[in-house]
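Q: Sharing a structure below in structure tokens format, with a few things to ask.
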Amino acid sequence: MGRLIRGLAGDGAFRVLAAETTDAVEEARRRHGLAPTATAALGRALTGAALLAFLLSKTPRERVTLKIEGDGPLGHLVAEAGVDGRLRGYVGRPEADLPPNERGKLDVGGLIGRGDLRVMRSLPSGEIYDSTVPLVSGEIAEDLAHYLAKSEQIPSAVLLGVRVGPEGPVEAAGGMVVQVLPGAPEEAIARLEENLKAVPGFSQLLKEKGLPGAVEAVLRGLGFEKLGEKAGLPPEIPIAFRCRCDREKARASLSFFTPDELERMAQEGGAEVVCRWCGEVYRFAPGELKALNRGQASDQTN
Ligand SMILES: [Zn+2]
């Protein structure tokens, strides 16, 4: 199970969120049959959505959805996270893959290409805050930092990393946001910048040191204080890939078909509804389709 931790560093100069999402990203890889570079792209976006959900949410039950429309081989990418720690998402072309870039990393920027990042915050009231910025590099961490600075006036450093073998599984995935709070002293900011230059990628840090060790390395000399029970908040939030689809929602989606179409599907042996968010397959037998048809007919006479 992955987890997200929160805290402060640099004597209140920085607000910190960090997440380990290895299992969630592995589940996304398995469910969608993602190639390595596509795994890195969706994994970074899912992790980024989780961090943003906790960074931006003012009330429980909020959700953040990232939509990336790029002109690269991946097509679109959608990642959603709630403050309940649930993540889900999908990409246009799961099989999309590229050779490593010149730094030997999975070429997420190349896979996404140029385009836009749209960030939607859904409030429990049904209200949606929606904001779109152009992609800076398509590497996602940089794009989210740019979004936070531009649209939310939150200066921050964003680190995201996914390490995956040629055949899977995901070995390490996670990320971190360090928000620079108002009045942060110059020396603290300079120290953070030095640290960021010195550390390797976040997935390597995670693999070598685990989540607390990775956070410690990024904040070396700045004193990380984990937010805990003292603040009346859970010290860690469990993070997992978990869709909100179910059999009843899948059945409801069949009501968009006409009675004739449902009848034909029944004659052809049944129907399958595939959830695009998680790849779950819901099968409906001919009898169920016929019952649905009868239900619709009686709705019309009522
Ligand atoms: Zn689903």
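Q: Select from segment 274-299 the residues that are surrounded by fewer than 19 Cβ atoms within 10 Å (Cβ to Cβ) and either more than 26 Å from His32 (Cα to Cα) or more than 16 Å from the ligand (Cβ to nearest atom) (or both) and list them in ascending order.
A: Once the filter is applied, which keeps residues that are surrounded by fewer than 19 Cβ atoms within 10 Å (Cβ to Cβ) and either more than 26 Å from His32 (Cα to Cα) or more than 16 Å from the ligand (Cβ to nearest atom) (or both), segment 274-299 yields Ala285, Pro286, Gly287, Glu288, Lys290, Ala291, Arg294, Gly295, Gln296, Ala297, Ser298, Asp299.
Q: Turning to a different aspect of this structure: Which of the following residues is small (Gly, Ala, Ser) and near the ligand (Cβ under 10 Å from one of its atoms): Ala250, Ala271?
A: Details: Ala271 fails: near the ligand (Cβ under 10 Å from one of its atoms).
Result: Ala250 is the single residue among Ala250, Ala271 that is small (Gly, Ala, Ser) and near the ligand (Cβ under 10 Å from one of its atoms).
Q: Right, next: I'm trying to understand the selection: among the residues of segment 146-159, which are in a helix (DSSP H, G or I), surrounded by fewer than 21 Cβ atoms within 10 Å (Cβ to Cβ) and among the hydrophobic types (A, V, I, L, M, F, W, C)?
A: Taking segment 146-159 first, the residues in a helix (DSSP H, G or I) are 146-151.
So of that shortlist, the ones also surrounded by fewer than 21 Cβ atoms within 10 Å (Cβ to Cβ) come out as 146, 149-151.
The one that is in a helix (DSSP H, G or I), surrounded by fewer than 21 Cβ atoms within 10 Å (Cβ to Cβ) and among the hydrophobic types (A, V, I, L, M, F, W, C): Ala149.
Q: Scan segment 253-265 and give yes if some residue there is within 16 Å of the ligand (Cβ to nearest atom) and surrounded by 12 or more Cβ atoms within 10 Å (Cβ to Cβ), otherwise no.
A: Yes, segment 253-265 contains at least one residue that is within 16 Å of the ligand (Cβ to nearest atom) and surrounded by 12 or more Cβ atoms within 10 Å (Cβ to Cβ).
Q: Confirm whether Glu236 is within 30 Å of the chain's Cα centre (by Cα) and away from the ligand (no atom under 16 Å from the Cβ). Even if it seems obvious, please write down each step before you answer.
A: Numbers: within 30 Å of the chain's Cα centre (by Cα): yes; away from the ligand (no atom under 16 Å from the Cβ): yes.
Yes.
Q: With respect to Ile154, is the statement that it is closer than 13 Å to Leu56 by Cα and not assigned by TED's automatic domain parsing to the domain that holds Glu280 true?
A: Criteria met by Ile154.
Q: I would also like to ask the following. Among Lys209, Lys290, which is the only one that is assigned by TED's automatic domain parsing to the domain that holds Glu139 and either over 30 Å from Leu77 (Cβ atoms) or assigned to a helix (DSSP H, G or I) (or both)?
A: Values: Lys290 fails: assigned by TED's automatic domain parsing to the domain that holds Glu139.
None of the other options fit; the residue is Lys209.
Q: Ok, one more. State all residues of segment 110-145 that are free of Cβ contacts under 8 Å to residues at least 24 places away in the same chain and assigned to a helix (DSSP H, G or I); if no residue qualifies, say none.
A: Quick first cut of segment 110-145, residues free of Cβ contacts under 8 Å to residues at least 24 places away in the same chain only: 125-134, 136, 142, 145.
Across segment 110-145, the qualifying residues are Glu142, Ala145.
Q: Could you give me the residue pairs with C-beta distances under 7 Å whose first residue belongs to segment 235-259 and is in a loop (DSSP other than H, G, I, E, B), whose second residue is among the aromatic types (Phe, Trp, Tyr) and within 13 Å of the ligand (Cβ to nearest atom) wherever it lies, and which are 6+ apart or on separate chains?
A: If the second residue must be among the aromatic types (Phe, Trp, Tyr) and within 13 Å of the ligand (Cβ to nearest atom), the pairs left are Cys243/Trp277; Cys245/Trp277.
Q: Does Gly85 satisfy the criteria of being touching a Pro at 6+ places or on another chain (Cβ under 6 Å) and closer than 30 Å to Ala184 by Cα?
A: Working: touching a Pro at 6+ places or on another chain (Cβ under 6 Å): yes; closer than 30 Å to Ala184 by Cα: yes.
For Gly85, the condition - touching a Pro at 6+ places or on another chain (Cβ under 6 Å) and closer than 30 Å to Ala184 by Cα - is met.
Q: Among the residues of segment 68-109, which ones are in a strand (DSSP E or B) and more than 11 Å from the chain's Cα centre (by Cα)?
A: Ile68, Glu69, Gly70, His76, Val91
Q: Of the residues that make up segment 168-178, is at least one crowded, with 17+ Cβ neighbours inside 10 Å, under 18 Å from the mean Cα position of the chain (by Cα) and without any contact (Cβ under 8 Å) to a residue 24 or more places away in the chain?
A: The answer is no, given that none of the residues of segment 168-178 is crowded, with 17+ Cβ neighbours inside 10 Å, under 18 Å from the mean Cα position of the chain (by Cα) and without any contact (Cβ under 8 Å) to a residue 24 or more places away in the chain.
Q: From Gly221, Gly228, which residue is away from the ligand (no atom under 16 Å from the Cβ), more than 30 Å from Ala28 (Cβ to Cβ) and assigned by TED's automatic domain parsing to the domain that holds Asp11?
A: Gly221
The values are calculated or read from the model by the stated rules, or taken from the named source; none is laboratory data. In this text, all values refer to a predicted model and were calculated from it rather than measured experimentally. No Cβ is skipped: glycine too gets one built from the backbone with ideal geometry, and neighbour counts run over all protein chains shown.
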